[in-house]
1. Say a paramagnetic label sat at a point 7 Å from the Cα of Phe37, along Cα to Cβ; which residues of the range 189-230 have their backbone N under 12 Å from it?
2. Between Ala230 and Glu30, what is 0.36 nm times their sequence separation minus the Cα-Cα distance? Round to one decimal in nm.
3. Could you work out the relative contact order of the range 105-263? I mean the mean sequence separation of Cα pairs under 8 Å and 6+ apart, divided by the number of residues, in percent.
4. How big is the charge dipole of the chain about its Cα centre, in debye rounded to the nearest 20, if each Lys and Arg gets +1 on its Cβ and each Asp and Glu gets -1 on its Cβ?
5. What FRET efficiency comes out for Ser19 versus Ala84 if R0 is 35 angstrom and r is the Cβ-Cβ distance? Round to the nearest 0.05.
6. Post the alpha-carbon centroid distance, the range 204-263 to the range 1-50, in whole angstrom.
7. Loop only per DSSP, at most 14 neighbouring Cβ atoms within 10 Å: give me the trypsin sites (Lys or Arg not before Pro) in the range 58-131, ordered by residue number.
8. Taking the Cα centre of the chain as the origin and placing charges on Cβ (Lys, Arg +1; Asp, Glu -1), which of Ile148, Ser11, Asn242 is farthest toward the positive end of the dipole?
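Bear in mind these aren't lab numbers, they're just calculated from the coordinates by the rules spelled out. Bear in mind that the values here come from a model prediction, so they are computed numbers and not experimental data. Please note: Cβ atoms are built from the backbone with ideal geometry, for glycine as well, and neighbour counts cover all protein chains shown.
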Amino acid sequence: MKNDTPNFRTSLAISDESSITVLGKNMATELLGKIAFGELAFWLMRLRRPSPNELRLFEAVLLATAEHGLTTSSISARLTYHSAPEALQGALAAGILNGGSRFLGVTENVARMLANAVEQLQAHPQSDEGWDEAARAVISAYPKGEPIPGIGHPMFKNGDPRVPVLIRIAQEEGLAGPHLALLLGIARVLKEKLGRELPLNGAGVNGAILADMGFPVKIVRGISLLARTAGLLGHLAEEQRNPIANDIYRSIEDRVDYTPPPA
């Protein structure tokens, strides 16, 4: 008799009445207390354990993205929690859904831009001058006036403080590759072209680093969202202790300038 039951294949995990197996390891006896969350996240995505070098850099990327204040995502989460305090998951989801092409999603945009450009190179340049030439091709492909992702920051006008540290860690761990080299070239060429420095931002450098580490472009935004989830939970915990969402809402309501539509 033909068996019409479908087989649903997964390499990640399975549970039975006495055990949980994750990535071929017994959760209780082989993973708990022996690996950190960041290592597990890397392993789940790549189906291999990170090297110590990769783990240090990956953790730095996560940490750099987790939190930096009352951003659009944290405000969204707080306002949603204020409206529906019975559904923490809704508030968390609101913050996550805020990750798009302007915020958090920039990491993916940069990784895609760099991956496409590096893929088209016949050989990787061996000097800054060579990378600058490749950077000029990337810049010229952008329509005039359209911002290049990874460049500039609304707050850090004189340089994103995360950037030199992330670059240093990538270099120390031997993981600074062609994508980061190309991004640095783009920054140099834009400075030369504009006569002023547009600083690299943390999201852009993270995109270059994750591309150099071999993460598929389509998963890169998810890594940013994974990191930001920690920050959002912090904001929601603080909102429970010391609520400010209603004040945010009222401050906007008090500043509304209503203009009737034309008759």
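1. 226-230, by backbone N distance to the label point.
2. 69.5 nm
3. After rounding, I find 34 percent.
4. 260
5. So, using R0 = 35 Å, E works out to roughly 0.40.
6. Centre-to-centre (Cα) distance: 31 Å.
7. Arg102
8. Ile148
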